[in-house]
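For reference, the structure is listed below as structure tokens.
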Amino acid sequence: MAQDRHDVAGTADMRLVIAASSAGTVFEWYDFFIYGTLGPILSKAFFPSGNAMLSTLLFWLVFAVGFGFRPVGAVLFGYLGDRLGRKYTFLITVVLMGVATAGVGLVPSAASIGLAAPGMVIALRVLQGLALGGEYGGAAVYVAEHAPAGQRGFYTSFIQASVGGGFLLSLVVILLCKTFLPPVVWATWGWRVPFLLSLGLLAISLWMRLKLSESPVFKAMQAAGEVAGNPLKESMTYPGNRRRIAVALFGITAGGTVLWYTAMFSNLAFLKSAMRVEDTTAELLMAVACLFGMALMIAFGHLSDRLGRTAPFVGGYVAALLLLFPAVWLIGYCANPVLDTLSARVPLVVSGPDCRYDPFAADQHTACARLLADLSAMGMRYHVAQAPALALHAGAVPLDLHRWVAAARPERQAALGAALAAVDYHLEKVRPSLWGMAGVVFGIVVTMTLSAATYGPSAAILVEMFPPRIRYSSMSIPYHLGTGYFGGFLPFISGLIVAETGNPYAGLWYTWCVVLMALPIAVIGLRHVRLPETR
């Protein structure tokens, strides 16, 4: 077939291909991560409510909306990529993402325009999701189709690593803004600056991508008249493709994505909330760990060229089932050993009638539920027991709740904090010791290693699973279904589990169960799905 006959890129051209594709991917993921990293500020600006946990859950639900539209973008831009070409399709996606991200920085707060504010944010998140749905497939396919067959894992791993680059860039920009802007300015309007900087990043990405030529595989297909007429239809009818799509969705993308988002998003949120680590310190620790994570992505991509794609991928899943919880327990202990030890040694027990906490209610209907709501919003670990009268114990010691009961809603958490301080539950933000910081970084790097083993080679796996004429569509659809729904809803579902159980580690069960589901599918699927022998 014509698409099998082409020349791979030379060394200099390959560097440009990787740089331009990776730069665009860094930029696109910067846009998505900037929204997630600024969650506490954006939830107050656009989704205010009387229930702090509800505001957070609404924020993460809208975050998930963007991911939910990624499959739609995969269908739309996958069609264009297989019909019109790789290069111009992901030029469109990068422009759409840049405009949508800058737009978030211009939306007035809910205090100014009411419900129109969250409505506008939702619309912009939809555009971001559509753009990202076309970006990843285009970049991965473009790089893979330029790379030598024996080095696809290595070269495409730069695309995977650039996702971490986007996260790292978002942290750097936020830290610089917080350094040079006074705290009052940052809290009131300075948080908009990282969004507006997207326009500068957009200009750089466009300049680099305009210098690229079309993929040699696509040019060969055009010359031979073998471009797909209807890529979406052919993706569903090509022999064996439905099985490949199912394996790609449930065996490869779902598990790899939840591990990656847990290593990045969940760890950062866990440090800032449950472990009470000072925000800037937590972001710096994540930035250091992210550098290791990016290198690990490339290392595992290269390893997959040597050992085959299946071994590191499946090994990563098995290791995740064994090490995920211990790694996060280590992070918690090293981040705030006093609070972590105290929570285990002197657990908080809430008892009372009608202790049914509703995380979606603006305000709870019973005193016991209100107490649970405040503890959840403070990131505290607790247990619940039914009893005739409301009480809060730290181990066997009862806490005085009279001040909390009498306090108005805005002052309730402060009153509860004072009661907890009486039994040494000090909730001030902390900065870990030097050894503690090292332990936190090590624990995060362990979770990133689990992720890198699966995420590093996954682009090469997905590209090689599908024939070139429908490759853009066929790999983009399962990838974005997996990342959009299994990954995009992770912060929301994990947060809901934590709110329901009162255990900040309980949200990890979502990740663990998705990986457990994905493991046998990957093992069986990668063994029995015959990959087409095409470029």
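Computed from the coordinates by the stated procedures, all read-outs in this text should not be read as laboratory data. Keep in mind it's a predicted model, so treat the numbers as computed, not measured. For neighbour counting, all protein chains shown are included, and Cβ atoms are generated from backbone atoms with ideal geometry for every residue, glycine included.
Mean residue ellipticity at 222 nm, helices only, the chain: -23000 deg cm²/dmol; runs of at least 4 DSSP H residues each add -39,500 (n - 2.57), and the sum is divided by the number of residues. Per-residue Cβ neighbour counts within 10 Å put Arg243, Arg345, Arg381 in the sequence Arg345, Arg243, Arg381, beginning with the fewest.
Distance between the modelled labels on Ser433 and Val184, one decimal in nanometres: 3.8 nm (7 Å Cα→Cβ projection).
So for the chain, considering every pair of alpha-carbon atoms, how many percent are separated by more than 38 Å? Taking all Cα-Cα pairs of the chain, the fraction more than 38 Å apart is 29 percent. Share of antiparallel DSSP beta bridges in region 346-421, in percent to the nearest 5? So the antiparallel bridges amount to about 55 percent of the total.
A DSSP coil position with no more than 16 other Cβ atoms inside 10 Å describes the following GluC sites (Glu not before Pro) in region 446-535: Glu533.
For the Cα atoms of the chain, what angle does the longest principal axis make with the long axis of helix 471-481, in degrees from 0 to 90, nearest 10? Approximately 10 degrees, to the nearest 10. Computed from Cα positions, the angle between helix 310-335 and the longest principal axis of the chain comes to roughly 30 degrees.
Here the extension length gained between Thr237 and Leu291 equals 15.3 nm, from 0.36 nm per residue of separation less the Cα-Cα distance. Applying a 4.7 Å Cβ-Cβ cutoff to the chain leaves Cys177, Cys290, Cys334, Cys513 as cysteine residues with no disulfide-compatible partner. Against the chain, whose longest principal axis is taken from its Cα atoms, helix 508-528 shows a tilt of about 20°. Once each of the chymotrypsin sites (Phe, Trp or Tyr not before Pro) sitting in a DSSP loop with at most 14 other beta-carbon atoms within 10 Å is removed, the chain keeps 1-188 as its longest stretch.
Farthest towards the positive end of the charge dipole of the chain, among the residues Tyr505, Leu96, Val184, is the Cα of Leu96, using unit charges on the Cβ of Lys, Arg, Asp and Glu.
Within the shell of other residues whose beta carbon sits under 15 angstrom from the beta carbon of Ala117, the net charge comes to +3, with Lys and Arg scored +1 and Asp and Glu -1. One decimal place: the segment Asp279-Ile113 gains 56.8 nm when fully extended, by the rule 0.36 nm per residue minus the C-alpha distance. Cβ crowding within 10 Å, taken as a proxy for footprinting-reagent exposure, orders Val141, Val163 from fewest neighbours to most as Val163, Val141. Between Val95 and Leu323, the modelled label-to-label distance comes to 4.5 nm, taking each label 7 Å out from Cα in the direction of the beta carbon. Expressed as a fraction of 2.2 N^0.38 Å, the C-alpha radius of gyration for region 388-535 is 1.62.
Of all beta bridges that DSSP places with both ends in the chain, some 50 percent have antiparallel geometry.
Taken about its Cα centre, region 346-421 carries a charge dipole of about 80 debye when Lys and Arg each add +1 at the Cβ and Asp and Glu each add -1 at the Cβ.
Which Cα, out of Gly68, Leu307, Thr341, lies furthest along the positive dipole direction of the chain (beta carbon charges, K/R +1, D/E -1)? Result: Leu307. Shown here is the pair-distance distribution of region 346-421: with all Cα-Cα distances grouped in 10 Å bins from zero up to the longest one, the shares run 20, 60, 20, 0 percent.
How high is the FRET efficiency from Arg403 to Arg527, r the C-beta distance, R0 56 Å, rounded to 0.05? With R0 = 56 Å, the Cβ-Cβ based efficiency is 0.35. Going from the residue with the fewest nearby Cβ atoms within 10 Å to the one with the most, Cys177, Cys513 rank Cys513, Cys177. Once both labels are positioned 7 Å from their Cα atoms along Cα-to-Cβ, the gap between Ile204 and Leu175 label points is 1.6 nm.
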